[in-house]
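Below: one structure, written as structure tokens.
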Amino acid sequence: MSTLAVNTITAETGNTVSIASGKTLDATQGLTTPAGHIVQVVTNTITGVVGQNSTSWVNMISVSITPKYSDSKLYIIAFVGGVYMNLGSNVNQSNWRIARDSGSINATQNTHFHTEEGRNHTGAGSRTHPHMGIMDNAVNTSSRSYSVQSERHTGSGGLQINDTAGTSTITVMEIKQ
């Protein structure tokens, strides 16, 4: 195999440098990603029922990512399906948030979404579908996890996600700055 060393590649005509048909460009040894581009996407999808009946924050679904760049932005988006509330005919309200490594993302950011799901619901079996998204700073290239968390705010009945064949997903996209 031969090695070609150059400082600049430019198109002889036009603005496009092409790779021969059927060939690929291997950038596994390094690539400078332009600002604003998605570097990587990690997703966790669950379909099994996850329940809780706690007045403390409980992880309902999580995903881990190791950022490639310390200056990246991380966009976290979550879709929680089939939340069944007020288990056992006990009315409650719940709070939801996205958390980093089991704690809040940043004290200056509002990470609570759809707070008090179930307010004024009086019967068993109330349903909701919290969806949320937030931006975080990578800061370093250490692995971290993001979770959708819930807590029972009032009442005594528990809640569960993915009831009646629901699906919940949490995704993190690393965006180069």
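The values are calculated or read from the model by the stated rules, or taken from the named source; none is laboratory data. No experiment lies behind these values; they were computed from the predicted model shown. Note that each Cβ is placed from the backbone with ideal geometry, even for glycine, and that neighbours are counted across all protein chains shown. We work out accessible area using only protein heavy atoms, side chains counted, and drop any ligands, DNA or RNA first. Shrake-Rupley method; radii C 1.70, N 1.55, O 1.52, S 1.80 Å.
Sort through THR43, THR66, THR47 and tell me the only one that's open to solvent by 60 Å² or more (accessible area, probe 1.4 Å), in contact with a strand residue (DSSP E or B) (Cβ under 7 Å, 6 or more places away or on another chain) and either modelled with pLDDT of 90 or more or over 28 Å from ILE175 (Cα atoms) (or both).
After applying the criteria, what remains is THR43.
So which residues in segment 28-53 are in contact with a Ser or Thr (Cβ under 6 Å, 6 or more places away or on another chain) and in a strand (DSSP E or B)?
Hits for segment 28-53 are VAL39, THR43, THR45, ILE46.
Filter segment 70-101 down to residues that are open to solvent by less than 70 Å² (accessible area, probe 1.4 Å), assigned to a loop (DSSP other than H, G, I, E, B) and at pLDDT below 95, then give me how many there are.
Total satisfying the criteria: 6.
Within the set of pairs 6+ apart or on separate chains, which have a first residue in segment 152-177 that is over 30 Å from ASN140 (Cα atoms) and in a loop (DSSP other than H, G, I, E, B), a second that is of a type in the set (Lys, Arg) and open to solvent by 30 Å² or more (accessible area, probe 1.4 Å), and C-beta atoms under 8 Å apart?
From segment 152-177, the pairs are GLY158/ARG152; ASP163/ARG127.
So SER18 fits all but one of (1) among the small types (Gly, Ala, Ser); (2) closer than 20 Å to VAL148 by Cβ; (3) open to solvent by 90 Å² or more (accessible area, probe 1.4 Å); what number is the exception?
Just one mismatch for SER18, condition (2).
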